[in-house]
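Report on the following structure.
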Amino acid sequence: MAKSKVDILKEIQKLDSRELKLLSNNIIEILTKSSEQHNQVAEQINDGIERGCPTCGSVSIVRYGYLQNRIRFQCKDCKKTFTDLTGTAISYIKKKHLWEQYIMLMVEGNSLRAIASKMDISLKTAFDWRHKILTAFEELHKTKFNGIVEVDDVWFLKSEKGKRGLQNPRKRGGTNKRGDNNDQAKVLFSVDRSKNIDLTTACMGRIKRKDLDRILGNKVSADTNIICSDKHPSIKSFAKTHGFTHYRIHASQKQYSVGKIYHVNNLNNLAKRFKDFIKQYNGVATKYLQSYLNLFRFIELFKKQRSMISEFYHASLKDKLAISRYSNLEERYQMLIA
Ligand SMILES: [Zn+2]
């Protein structure tokens, strides 16, 4: 039977100092937990109110009970209901408590089969989750570049889903003829000296100035950035059109830098690391290439931070457009190869 507060206090007075200390630790623990839960609820409410209705954009919303332990809202205009997770990568996932563990196993480089077996989920679920998570990271930590920006394209042989055949990036700095046919997916690698990285699947075949405009246009400006690249004519054209100071490295003539600071060494190292990274997946369909670029970029950004898993986890809960990008993977692929 529940005791009254007076009874409890009487009991407490009988405790010795060691027991009192233990009890006080227990109470602090309970208090901390309850304030954390309180904060989570407050965060959910703020998030729901801030975003408005994901269907019609109305900000006229009311609380509407709970859905899977999260606060549910209803839009007063279109009557649709939603939670703070609607649209995020995790929104259709039933076993939400496994999400963080999944991310950890993925970042550690476990195969799908290993993840499925360790977590007791099906291979299909493991596959599905991987791509939901990876689309969530596409927009993560995208900022403007600082100072010197190294830019170049790297190609991958086109690969249909399920077939093996991703080729290594061309030998950088070698004498290989630059491949420019439509069986090659071109990825634009851009990296500055503050470790900002952009990896974007640009097009099939030859990369053009308009691809550079689209990918780099709002991330660099001639006032603050200097571009370093190899001899790619489209990068030259991009730099010239927008008035950038541009240093071109002639690696084929054994020239690896202009002065000491203008080079593309960071980019070459990054591309090499990506090549090693992608090997472990034994062939990646072009449709999913961007997803693996996202994962690699994330690991690069956070590899020195111990809080990476937690960052990864929280980022996946914040991106409200992740599910729509995930649903559009096929469409985006068709646009890429069109
Ligand atoms: Zn609405």
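The values are calculated or read from the model by the stated rules, or taken from the named source; none is laboratory data. A quick note: this is a predicted structure, and the numbers were derived from the prediction, not measured. Backbone-built Cβ (ideal geometry, glycine too); neighbour counts: all protein chains shown. SASA here: full protein model, heavy atoms, side chains in, ligands and nucleic acids out. Shrake-Rupley method; radii C 1.70, N 1.55, O 1.52, S 1.80 Å.
Along the positive direction of the dipole of the chain (beta-carbon charges: Lys, Arg +1; Asp, Glu -1; about the Cα centre), which of Ile90, Phe137, Gly217 reaches farthest?
Farthest towards the positive end: Gly217.
Order the peptides 32-41, 234-243, 188-197, 275-284 from the highest to the lowest mean number of other Cβ atoms within 10 Å of their residues.
Result, highest mean Cβ count within 10 Å first: 188-197, 234-243, 275-284, 32-41.
How large is the accessible surface per residue of segment 183-338, computed with a 1.4 Å probe and reported in Å² as a whole number?
48 Å²
Pairs of alpha-carbon atoms within less than 8 angstrom and 6+ residues apart define the contacts here; what relative contact order does segment 148-284 have, in percent?
Taking the mean separation of contacting Cα pairs over the length of segment 148-284, I get 28 percent.
At q = 0.17 Å⁻¹, what base-10 log of I(q)/I(0) does the Debye formula yield for segment 33-166 when every alpha carbon is treated as an equal point scatterer in vacuo?
-1.07
Taking only DSSP H segments of four or more residues, each worth -39500 (n - 2.57), what value at 222 nm results for the chain once the sum is divided by all its residues, to the nearest 500 deg cm²/dmol?
Mean residue ellipticity, 222 nm, calculated: -14000 deg cm²/dmol.
Going by accessible area, probe 1.4 Å, with all protein chains left in place, what is the ranking of Cys75, Cys56, largest first?
Of Cys75, Cys56, the descending order of accessible area is Cys56, Cys75.
Using the crude model of +1 on Lys and Arg Cβ and -1 on Asp and Glu Cβ, and no other charge, please compute the dipole size for the chain relative to its Cα centre, in debye to 20.
Computed charge dipole of the chain: roughly 980 debye.
Please work through the chain and write down the cysteines that have no neighbouring cysteine Cβ at a distance under 4.7 Å.
Cysteines lacking a close Cβ partner in the chain: Cys203, Cys228.
How large is the charge dipole for segment 1-93, taken about the Cα centre, if only the Cβ atoms of Lys, Arg (+1) and Asp, Glu (-1) carry charge, to the nearest 20 debye?
300 debye
Relative contact order (percent) for the chain, with alpha-carbon contacts under 8 angstrom and 6 or more residues of separation?
Once divided by the residue count of the chain, the mean separation gives 19 percent.
First compute the accessible area of the chain with a 1.4 Å probe, then give the percent of it belonging to carbon and sulfur atoms.
Answer for the chain: carbon and sulfur cover 52 percent of the accessible area.
Between segment 75-134 and segment 221-291, what's the alpha-carbon centroid distance in Å?
Taking the Cα centre of segment 221-291 as reference, the centre of segment 75-134 is 34 Å away.
Along its principal axes, what span do the Cα atoms of segment 1-85 show, with the longest given first and each in whole Å?
In descending order, the Cα extents are 62, 24, 19 Å.
Assuming a ≥ b ≥ c are the square roots of the Cα gyration tensor eigenvalues, decide whether segment 267-338 counts as rounded (a/c under 1.5), prolate (otherwise, with a/b larger than b/c) or oblate.
Oblate.
How high is the relative contact order of segment 1-85, given as a whole-number percent (alpha carbon pairs under 8 Å, six or more residues apart)?
Numbers: 74 pairs, mean separation 15.4, N = 85.
Result for segment 1-85 is 18 percent.
Rank these residues by their accessible area, most exposed first, probe 1.4 Å: His232, His246, His97, His314.
Sorted by accessible area, descending: His97, His314, His246, His232.
Sorted from largest to smallest, which semi-axis lengths in Å does the alpha carbon gyration tensor of the chain give for its equivalent ellipsoid, taking the root of 5 times each eigenvalue? Each step should come with its number before you reach the end.
Values: eigenvalues 447, 113, 93 Å².
Sorted largest first and rounded, they come to 47, 24, 22 Å.
Say the dipole of the chain comes from +1 at the beta carbon of Lys and Arg and -1 at that of Asp and Glu; which of Ile103, Leu20, Thr81 then lies farthest toward its positive end?
Highest projection toward the positive end goes to Ile103.
Leaving out ligands and nucleic acids, and using a 1.4 Å probe, what accessible area per residue does segment 44-152 come to in Å²? Walk me through the numbers on the way to the answer.
On the way: 5560 Å² over 109 residues.
Counting only protein heavy atoms, the per-residue value for segment 44-152 is 51 Å².
If you restrict to DSSP beta bridges whose two residues both lie in the chain, what percentage is antiparallel, to the nearest 5?
75 percent
In segment 148-284, what % of DSSP beta bridges are antiparallel (nearest 5)?
70 percent
Which percent of Cα pairs goes in each bin when the distances of segment 53-110 are cut into 10 angstrom slices starting at zero?
22, 40, 22, 13, 3
Can you tell me the length gained on complete extension of the stretch Val6 to Lys124, counting 0.36 nm per residue apart and subtracting the Cα distance?
Numbers: separation 118, 0.36 × 118 = 42.48 nm, distance 5.72 nm.
My answer for the length gained is 36.8 nm.
In segment 1-106, how many lysine pairs have Cα atoms under 19 Å apart, counting only pairs 8 or more places apart or on different chains?
4
Across the Cα atoms of segment 187-306, what radius of gyration and what greatest pairwise Cα-Cα distance (Dmax) are found, in Å?
15.0, 43
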